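So the structure is just underneath, and the comments pick up after that.
The values are calculated or read from the model by the stated rules, or taken from the named source; none is laboratory data. Predicted model only: the values in this text are computed from it and were never measured. So basically every Cβ, Gly included, is an ideal-geometry build from the backbone, and we count neighbours across all protein chains shown. Calculation scope for accessible area: heavy atoms of the full protein, side chains included, ligands and nucleic acids excluded. Shrake-Rupley method; radii C 1.70, N 1.55, O 1.52, S 1.80 Å.
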Amino acid sequence: MTTELETELLTAARRRRNFAIISHPDAGKTTLTEKLLLYGGAIHEAGSVKARRAQRHATSDWMAMEQQRGISITSTVLQFEYKKYHINLLDTPGHQDFSEDTYRTLAAADNAVMLEDAAKGLEPQTRKLFEVCKLRSLPIFTFFNKLDRPSRDPLDLLDEIEKELGLQTYPVNWPIGTGDRFKGVFDRRGQKIHLFERTKHGSRAAVDTVIELGDPRIEDLLEQDLYYQLKEELELLDELGTELDLDLVRAGKMTPVFFGSAMSNFGVELFLDAFLDYAMKPIARKSSAGELPPTYEDFSGFVFKLQANMDPRHRDRVAFIRVCTGKFEKDMNVTHARTGKTVRLSRPQKLFAQDRESIDVAYPGDVIGLNNPGVFAIGDTIYTGQKLEYEGIPCFSPELFAFLRNPNPSKFKQFRKGVSELQEEGAVQIMYSVDEAKREPILAAVGQLQFEVVQFRMQSEYNVETTIDMLPYSVARWVDGGWEALEKVGRLFNTVTVKDIWGRPVLLFRNEWNCRQVEGEHPVLKLNAIAPVVSGLAVSEE
Ligand code: G4P
């Protein structure tokens, strides 16, 4: 028999859609996010997200770095209601130096929107992020942006995705012209032409004229050559005969494709409507207690991100929790799986850009922010009822390495505390030399700016001036079978072995070539670019 709570959870899960946007810097993620909020009614005029950012900059201190450089380091969660849906948009940092943060955010997402600049097609950062989505078989929805600028041939763009990412494509809409002659899109769902009018800076919803393909008014509304071109291209698509297969989409094997221009709002609403209908609602997640559906009545969730000092006046830390099962209620007591301790979840926050609003309940698919008095680490599970743990969030191969030194011995304690807290928060990965004499931590990062953030925060939050000594490596690989497997193969050349905070061996290489060489010489050695974090393991004592 279905209980009242199960029905409540089922209804909530059906309405929920949770996603993150993956893209290369400059493809238009900020702009699209803002337009989604505009159509979702969460903001009334585009431009306010940027304004909010500016306001935040004025009050933030370590995030002054963001302002100085005009980049976005932190990411938050944007929640809004649209039609019958309750949407959680997991915002990710714009700068690629902080992509580790994005990787982790993808662990909390049920869907990904792959945003590409239609003039450029696939770019490096998008490819990397796609690989992370592929690991989790996330459904991917593609939005080609900036059609109001001269763009690449749409068929070419689809071909690139098929060949390079191995994803089948299904264009849900099709662009009519590009650049100055971009007039709108043909929506293959509704079989209608949508012609748009440009609005000033796209600050308001675009005016959309909808007509049938054979409507005689088309002659007055669309230049003849564009009309014929559209008809030809649509025939070609029909001949190709690809059908939209939602099972393939939800298995991460087919991507529905949309064309538009976030800046001028062309195609944004059509995208949002189709995306929400096709996207995956919160589904069962693997845990140590088996696959748990969202309707599992006990509450559970995991920490995918920690963030310090969102509000510099309070100097607090916020833990972002993805709710997986059951109902979250303010002030509830949960068990913290790693330590077995009971934690009271007080002062939960709903996160909208930088504003915080207190919440009373949350359902599977939602993200809540909790003040974190140092209890939570990334990947931690919290639950009520039967003991369970979700799979940890993997560490991704860092590409830059450096010793972090503290030249002032009297600051030893603060130094250690700072390093450990920044590591827990996921600001940077930490490794150690196997040589006991070298006790300084090795910072391992995806981008140079992560080092700068660490140094900046060590100074401003822990009052420790640090120095950085770069190391000449660019590739890290975890070893399957750990120390034992490594011992078996004997001495390795052109690599150094260090250990991660879990005490596991990590091989560092100067470049990919050296890495492939070692793999070639020792085929029994299995090297991984991604290390799963095993929850519950004690951090090695350093
Ligand atoms: P990001 O977050 O992915 O890094 O990209 P963002 O939205 O900041 O957009 C990068 C640039 O691309 C911005 O221009 C933005 O206005 C522009 N852009 C975004 N969407 C479109 C689009 O559909 N068409 C065109 N033509 N441009 C688009 P900018 O000059 O760097 O900044 P701004 O002065 O316009 O704010």
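Test Lys192 against the criterion of being charged (D, E, K, R), exposed (fewer than 13 other Cβ atoms within 10 Å of the Cβ) and at pLDDT 90 or above, and give yes or no.
It is false that Lys192 is charged (D, E, K, R), exposed (fewer than 13 other Cβ atoms within 10 Å of the Cβ) and at pLDDT 90 or above.
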> Quick one: in region 130-184, which of the residues that are of a type in the set (A, V, I, L, M, F, W, C) and open to solvent by 50 Å² or more (accessible area, probe 1.4 Å) is nearest to the ligand (Cβ to nearest atom)?
Replying inline: Leu155
>> I'd like the full set of residues that are surrounded by fewer than 14 Cβ atoms within 10 Å (Cβ to Cβ), under 20 Å from Ala445 (Cβ atoms) and more than 31 Å from the chain's Cα centre (by Cα), limited to region 468-518.
In response: none
> Looking only at region 389-427, which residues are under 21 Å from Leu471 (Cα atoms) and of a type in the set (S, T, N, Q)?
Replying inline: Ser397, Asn406, Ser420, Gln423
>> Just to be sure I understand the filter: pairs with C-beta atoms under 8 Å, separated by 6 or more residues or on different chains, first member in region 13-30 and farther than 16 Å from Cys133 by Cβ, second member within 16 Å of the ligand (Cβ to nearest atom) and open to solvent by 30 Å² or more (accessible area, probe 1.4 Å). Which pairs pass?
In response: Pro25/Gly94; Pro25/His95; Pro25/Gln96; Gly28/Lys146; Gly28/Met263; Thr30/Lys50; Thr30/Gly94
> In the list Ala444, Ala377, Ala437, Ala427, which residue meets the criterion of being among the small types (Gly, Ala, Ser) and assigned by the TED database to the domain that holds Lys341?
Replying inline: Ala377
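Can you name every residue in region 116-126 that is within 13 Å of the chain's Cα centre (by Cα) and farther than 22 Å from Leu272 by Cα?
Let us first name the residues in region 116-126 that are within 13 Å of the chain's Cα centre (by Cα), namely 125-126.
Passing the criteria: only Gln125.
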>> I need a count of the residues in region 271-300 that are among the hydroxyl-bearing types (Ser, Thr, Tyr) and within 15 Å of the ligand (Cβ to nearest atom).
In response: 0
>> Among the numbered criteria (1) at pLDDT below 90; (2) over 13 Å from Val318 (Cβ atoms); (3) among the β-branched types (Val, Ile, Thr), which one does Ile382 miss?
In response: (1)
> What is the residue count in region 176-186 for residues that are within 12 Å of Thr209 (Cα to Cα) and in contact (Cβ under 8 Å) with a residue 60 or more places away in the chain?
Replying inline: 2
> Which members of region 253-270 meet the condition of being away from the ligand (no atom under 12 Å from the Cβ) and open to solvent by less than 10 Å² (accessible area, probe 1.4 Å)?
Replying inline: Met254, Thr255, Pro256, Val257, Phe258
> Quick check: anything in region 141-156 at pLDDT 90 or above and within 27 Å of Ile321 (Cβ to Cβ)?
Replying inline: yes
>> Quick test of your reading of the structure: Ala27 fulfils all but one of (1) within 16 Å of the ligand (Cβ to nearest atom); (2) at pLDDT 80 or above; (3) not in a loop (DSSP other than H, G, I, E, B). Name the failing condition by number.
In response: (3)
